[in-house]
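**Student:** Below are the structure tokens for one structure; questions will follow.
The values are calculated or read from the model by the stated rules, or taken from the named source; none is laboratory data. Note that this is a predicted model, so its numbers are computed, not measured. Heads up, the Cβs are rebuilt from the backbone with ideal geometry, glycines too, and the neighbour counts pull from every protein chain shown.
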């Protein structure tokens with residue numbers, strides 16, 4: 001036990017763990033909150049029988065084989081005259097490879113600054129939106145749809161049926177826990193005078209007053225607005241096309257939930273789990 005009382009103003013620290021964990025950790029950016037211990041997900045990752053892990057690993061390799069069978073099949077990338085389109089095939093291949101890299105970054109960077117995990121999560125959602133068929137004209141719609149709880153949980157329940165039977169219920173519970181925690185965190189950081197029982201009030205220039213938006217719409221649009229602001233907050237403040245983003249951001253302190261990257265990682269996992277429907281453009285429910 002320590003023999004002194006140490007006051008660290010504004011910096012919650014442990015007297016048990018080494019600080020800094022590494023010399024370069026002193027230079028980690030402090031934007032957004034620090035990531036909490038993965039122990040909060042103990043009910044998902046602790047106590048998994050070794051046999052379940054082995055079956056899930058075999059299942060994952062098999063699913064990746066299915067993914068690459070789609071990506072490497074030249075007959076999937078042909079025009080109306082059956083002429084091969086190598087540039088489109090390569091574009092799909094690179095997009096998936098980079099999506100997989102984002103998924104690995106989110107899953108393995110739990111001890112790195114939260115900003116890194118969030119950026120990887122944004123990138124993964126952007127790539128997933130493209131692969132699901134949302135073009136430039138519909139940019140953001142797929143991004144937001146994947147964050148809507150009522151829309152995605154039934155779809156994820158359907159996808160988990162492709163997993164080994166022993167882990168299906170574990171994934172169902174984990175998905176519900178992550179979405180619930182993400183929604184609760186976004187509401188907790190919205191300004192209290194804007195929060196209502198079923199949603200949040202945001203400013204509407206069209207109505208020249210406050211407008212109600214339900215919680216699902218608010219959470220999905222808020223995360224997208226933060227993503228847009230990450231590419232240039234000045235543009236959000238000055239561009240007429242970003243009016244909705246301004247209204248959303250103006251009702252919140254800007255803190256993203258730590259669960260967001262974990263939700264996105266689960267979505268990336270689900271894309272691999274049912275890639276056949278990604279390839280046919282039917283993965284996301286209408």
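**Student:** Residues to consider are 61, 45; find the one that is under 24 Å from residue 182 (Cα atoms) and exposed (fewer than 15 other Cβ atoms within 10 Å of the Cβ).
**Tutor:** Result: 45 is the single residue among 61, 45 that is under 24 Å from residue 182 (Cα atoms) and exposed (fewer than 15 other Cβ atoms within 10 Å of the Cβ).
**Student:** Which of the following residues is more than 19 Å from residue 141 (Cα to Cα), surrounded by fewer than 20 Cβ atoms within 10 Å (Cβ to Cβ) and modelled with pLDDT of 90 or more: 197, 190?
**Tutor:** Sole residue among the options that is more than 19 Å from residue 141 (Cα to Cα), surrounded by fewer than 20 Cβ atoms within 10 Å (Cβ to Cβ) and modelled with pLDDT of 90 or more: 197.
**Student:** Just wondering, is there one or more residues in the stretch 84-97 that are over 25 Å from residue 69 (Cβ atoms) and free of Cβ contacts under 8 Å to residues at least 60 places away in the same chain?
**Tutor:** Checked the stretch 84-97: no residue is over 25 Å from residue 69 (Cβ atoms) and free of Cβ contacts under 8 Å to residues at least 60 places away in the same chain.
**Student:** Return the only residue of 177, 206 being assigned to a loop (DSSP other than H, G, I, E, B) and within 25 Å of residue 254 (Cα to Cα).
**Tutor:** When all the criteria are applied, what remains is 206.
**Student:** Condition check: modelled with pLDDT under 90 and surrounded by 18 or more Cβ atoms within 10 Å (Cβ to Cβ). Does residue 229 satisfy that?
**Tutor:** The answer is yes for residue 229.
**Student:** If you don't mind, another one. So, in the stretch 157-173, how many residues would count as being in contact (Cβ under 8 Å) with a residue 24 or more places away in the chain and either part of a loop (DSSP other than H, G, I, E, B) or within 14 Å of the chain's Cα centre (by Cα) (or both)?
**Tutor:** Qualifying residue count, the stretch 157-173: 3.
**Student:** In the stretch 249-286, which residue that is surrounded by 19 or more Cβ atoms within 10 Å (Cβ to Cβ) and assigned to a loop (DSSP other than H, G, I, E, B) is modelled with the lowest pLDDT?
**Tutor:** 258
**Student:** Name every residue in the stretch 137-156 that is within 14 Å of the chain's Cα centre (by Cα) and within 15 Å of residue 221 (Cα to Cα), in order of residue number.
**Tutor:** Within the stretch 137-156, 140, 142, 143, 144, 145, 146, 147, 148, 149 qualify.
**Student:** Separate question: All but one of (1) surrounded by 12 or more Cβ atoms within 10 Å (Cβ to Cβ); (2) part of a helix (DSSP H, G or I); (3) within 24 Å of the chain's Cα centre (by Cα) hold for residue 112, so report the exception by its number.
**Tutor:** It is condition (2) that residue 112 fails.
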